[in-house]
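To keep things clear, I will list the structure first and then write my remarks on it.
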Amino acid sequence: MHTVLSSAKASVTMGPDQPFCIIGERINPTGRKKFQEQLRANDLSSVEIDVHDQIAGGAMMLDVNMGAPLVDEAKLLGEAVTLVQSLTDVPLCIDSSVVEALEAGLAAYQGKALVNSVTMERERIDLILPLVKRYGAAVIALPNDEEAIPEDPHRRLELAKQLVGIATEEFGIPIEDIVVDPLAMPVGADHTLAYKTMEAIHLISTEIGVNTTLGASNVSFGMPDRHTLNAVFLPMAIQAGLTSAIMDSRTAQIVTAVKGADLMKGNDEWGANWIAAHRAKQAAADAAAKAAGA
């Protein structure tokens, strides 16, 4: 199954036979005190840097979130979407827990966006899925309800099936436009949680057949050497069926691991992407060495 997202000028396709879709996570004020202060001052200057760095690192889509305390999130998200689209042609994932902000972002967006996200809570379903349908977007579906994120992979599968059924049957959203997030949970809290997430990915991919995504950095939360853990986890998750992730595209170690997994899985024809990335790295290193010696 293929999920196609687009901007005004470009598109990206998610699928088990496609290169892994890297969604840059950086345009998000969570944990970024300086960025939050800038947003409260209606200053979006950091966004341009974030766009450049993530695209240079290998991002194929960008997640855009303006959820900082004490800001007009709807206004900022609409402005940020317009700004990002003026800087890059890659498709966007419009990310907010505030329905008014999602609508503002979708209204400003040119193309077919990915909405982040909807849960099994009925109130959220009735608010978010009509927006997804109206704007012809795709949506990330989270298999959790009012109670909690279930640890049991089979319970996550059950909730995902229910949510996909509601989206397709009640709201007429094509199944290929539903991307399920099986929910990455921190291995530091329980050493079995990463494995359970991979089992959930496998179950959802094989039994429902939809594309999947994760907030990949969640798996290493609270642990030292997080980049190494993320670089180990993602290829394993890809083998389990993961087709995209919201992740740190600025960290070469993680991006290289993903591209290597693409090649080993047979989704990088003749190794073209791997070779191109290696040559780009070499060229950048040569340029830096030349500049240092000048």
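Here are the numbers for this structure:
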| read-out | value |
| --- | --- |
| Inter-residue pairs, beta-carbon under 6 Å, first closer than 26 Å to residue 17 by Cα and acidic (Asp, Glu) and in region 268-294, second in a helix (DSSP H, G or I) and at pLDDT 90 or above, 6+ apart | 268/262; 268/274 |
| All positions within region 16-34 that are within 25 Å of residue 231 (Cβ to Cβ) and either assigned to a helix (DSSP H, G or I) or hydroxyl-bearing (Ser, Thr, Tyr) (or both) | 30 |
| All positions within region 134-155 that are at pLDDT 95 or above, more than 18 Å from the chain's Cα centre (by Cα) and crowded, with 17+ Cβ neighbours inside 10 Å | 135, 153 |
| Check on residue 59, closer than 21 Å to residue 248 by Cα, in a loop (DSSP other than H, G, I, E, B) and modelled with pLDDT of 95 or more | yes |
| Unmet requirement for residue 273, which otherwise passes all of (1) surrounded by fewer than 15 Cβ atoms within 10 Å (Cβ to Cβ); (2) farther than 27 Å from residue 96 by Cβ | (1) |
| Criterion (in a loop (DSSP other than H, G, I, E, B) and either among the hydroxyl-bearing types (Ser, Thr, Tyr) or surrounded by 19 or more Cβ atoms within 10 Å (Cβ to Cβ) (or both)) met by exactly one of 194, 160, 184, 200 | 184 |
| Candidates 131, 159 - the one that is farther than 23 Å from residue 205 by Cα and aliphatic (A, V, I, L, M) | 131 |
| Cross-chain or 6+ apart pairs with Cβ under 7 Å, region 158-184 first and within 15 Å of residue 211 (Cβ to Cβ) and free of Cβ contacts under 8 Å to residues at least 40 places away in the same chain, then aromatic (Phe, Trp, Tyr) and in a loop (DSSP other than H, G, I, E, B) | none |
| Elements of type helices (runs of 4 or more DSSP H) contained in region 223-294, each with 2 or more residues being under 15 Å from residue 60 (Cα atoms) | 252-265, 272-293 |
| Residues satisfying the stated conditions in region 39-80, i.e. closer than 18 Å to residue 96 by Cα and of a type in the set (S, T, N, Q) | 42, 65 |
| Region 253-267 - residue that is closer than 16 Å to residue 18 by Cβ and in contact with a helix residue (DSSP H, G or I) (Cβ under 6 Å, 6 or more places away or on another chain) and, of those, surrounded by the fewest Cβ atoms within 10 Å (Cβ to Cβ) | 263 |
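Yes/no matrix, rows are residues, columns are (1) in contact with a strand residue (DSSP E or B) (Cβ under 6 Å, 6 or more places away or on another chain); (2) over 19 Å from residue 16 (Cα atoms):
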| position | (1), (2) |
| --- | --- |
| 118 | yes, yes |
| 142 | yes, yes |
| 152 | no, yes |
| 165 | no, yes |
| 194 | no, yes |
| 202 | no, no |
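Yes or no, residue by residue, for (1) within 17 Å of residue 30 (Cβ to Cβ); (2) buried (at least 20 other Cβ atoms within 10 Å of the Cβ); (3) in contact (Cβ under 8 Å) with a residue 12 or more places away in the chain:
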residue: 67; (1), (2), (3): yes, no, yes
residue: 96; (1), (2), (3): yes, yes, yes
residue: 107; (1), (2), (3): no, no, yes
residue: 114; (1), (2), (3): no, yes, yes
residue: 128; (1), (2), (3): no, yes, yes
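The values are calculated or read from the model by the stated rules, or taken from the named source; none is laboratory data. All values reported here derive from a predicted model rather than from experimental measurement. All Cβ positions, even for glycine, are placed from backbone atoms using ideal geometry, and neighbour counts span all protein chains on display.
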